[in-house]
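What follows is a short report on a single structure.
The values are calculated or read from the model by the stated rules, or taken from the named source; none is laboratory data. On a predicted model such as this, the values are computed, not experimentally measured, just so you know. FYI the Cβ positions are ideal-geometry reconstructions off the backbone, even for glycines, and counts take in every protein chain you see. All accessible areas refer to the heavy atoms of the entire protein, side chains included, with ligands and DNA or RNA removed. Shrake-Rupley method; radii C 1.70, N 1.55, O 1.52, S 1.80 Å.
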Amino acid sequence: MKNHAPVIAKVCVMGWPIAHSRSPLIHNFWIRQLGIQNAIYERLAVPPAELQETIRNLTDWGFIGANVTVPHKEAAFASLLRHDADARRLRAVNTIVMTEDGFEGRNTDGYGFMANLSHAAPNWQPAQGPAVMLGAGGAARAIAAALDDAGVPEIRIVNRTRARAEALVKDIGLERATIFGWEQIDQALNAANLLINTTTLGMRGERDLDIDLTPLPAAALVTDIVYTPLETGLLKAARERGLTTVDGLGMLLHQAVPGFEAWFGKRPQVSDELRNLVLADMGIAERKI
Ligand code: ATR
């Protein structure tokens with residue numbers, strides 16, 4: 001007897017811990033919205049010691065692709081044989097896609113960051129002036145590379161640990177970067193066109209960033225990759241000064257778009273409906289954006 005059970009296209013997000021990932025909410029919303037049949041997006045709790053074996057077994061377990069989150073992005077890069085240019089530059093993978101030649105590791109974090117800015121602040125022009133980036137961790141690497149690709153004339157990195165900022169500049173080959181200490185923040189903000197927080201400061205449970213924004217020009221854009229709370233202390237201070245602000249939730253939503261399109265063949269939209277669904281999951285009431 002023939003087996004007529006439909007083939008299910010499964011995708012997962014791998015992390016450790018993984019319980020709080022909102023990727024299943026986002027991708028399953030698009031699967032339903034776009035009417036994709038027999039597809040499901042799951043959470044997979046993968047301890048670090050099991051990552052390599054899990055990636056090796058993805059196909060046998062029925063997965064056509066995956067997302068990779070903390071703490072596995074660098075280890076996933078090392079476990080895969082093929083990568084796109086962004087993943088190669090960052091030596092980190094957040095999206096795994098099946099190609100004719102097998103699984104390929106990609107990195108869509110920088111895309112998500114830039115897409116969020118261009119949707120939320122369409123008048124902002126990357127080439128118009130220096131960008132100040134607070135922090136030099138994993139997220140900062142993806143953002144710095146994306147800003148570099150977008151033609152930002154100077155990337156000013158402000159980090160507590162100078163050596164980490166130096167390693168970032170060297171590893172991703174930034175040619176137009178300057179490194180500042182926190183005590184030089186006024187100088188870094190002077191004539192800047194963009195201020196980005198990539199540190200964990202301002203996140204719920206952490207202390208707020210305490211920065212005097214006076215040196216920032218009135219046309220500067222301020223954004224934060226922290227999105228819990230949605231309006232961080234930095235964004236509130238910027239708004240109160242009359243500066244344009246963009247919150248970090250959009251980066252999470254937009255970074256998911258290229259993966260979904262690659263797995264399921266349809267390009268999803270980042271809509272207010274999706275944003276409100278994620279806000280509701282975060283315990284924040286729906287609101288008009
Ligand atoms: P991610 O990969 O998510 O970017 P990360 O690699 O832990 O996270 O990076 C966290 C960033 O926040 C770093 O730039 C870190 O500064 P150091 O490189 O000096 O560690 C910054 N950060 C975290 N806590 C901080 C604090 N209390 N004061 C200043 N910077 C802080």
Within the stretch 192-289, helices (runs of 4 or more DSSP H) holding 2 or more residues that are at pLDDT 95 or above and aromatic (Phe, Trp, Tyr): 257-264
Extreme residue, nearest to the ligand (Cβ to nearest atom), among residues of the stretch 198-252 that are within 24 Å of Arg141 (Cα to Cα) and acidic (Asp, Glu): Glu206
Scan of the stretch 214-225 for residues that are farther than 20 Å from Ser118 by Cβ and open to solvent by less than 10 Å² (accessible area, probe 1.4 Å), ordered by number: Leu216
Any hit, the stretch 149-156, residues being surrounded by 20 or more Cβ atoms within 10 Å (Cβ to Cβ), within 16 Å of the ligand (Cβ to nearest atom) and outside any loop (DSSP other than H, G, I, E, B): yes
Among the residues listed as Ala165, Ala142, the single one being open to solvent by less than 30 Å² (accessible area, probe 1.4 Å), within 13 Å of the ligand (Cβ to nearest atom) and in contact (Cβ under 8 Å) with a residue 40 or more places away in the chain: Ala142
Residue in the stretch 175-197 that is within 16 Å of the ligand (Cβ to nearest atom), in contact with an Asp or Glu (Cβ under 6 Å, 6 or more places away or on another chain) and in contact (Cβ under 8 Å) with a residue 60 or more places away in the chain present: yes
Residue within the stretch 110-130 that is free of Cβ contacts under 8 Å to residues at least 12 places away in the same chain and either among the polar types (S, T, N, Q) or in contact with a Lys or Arg (Cβ under 6 Å, 6 or more places away or on another chain) (or both) present: yes
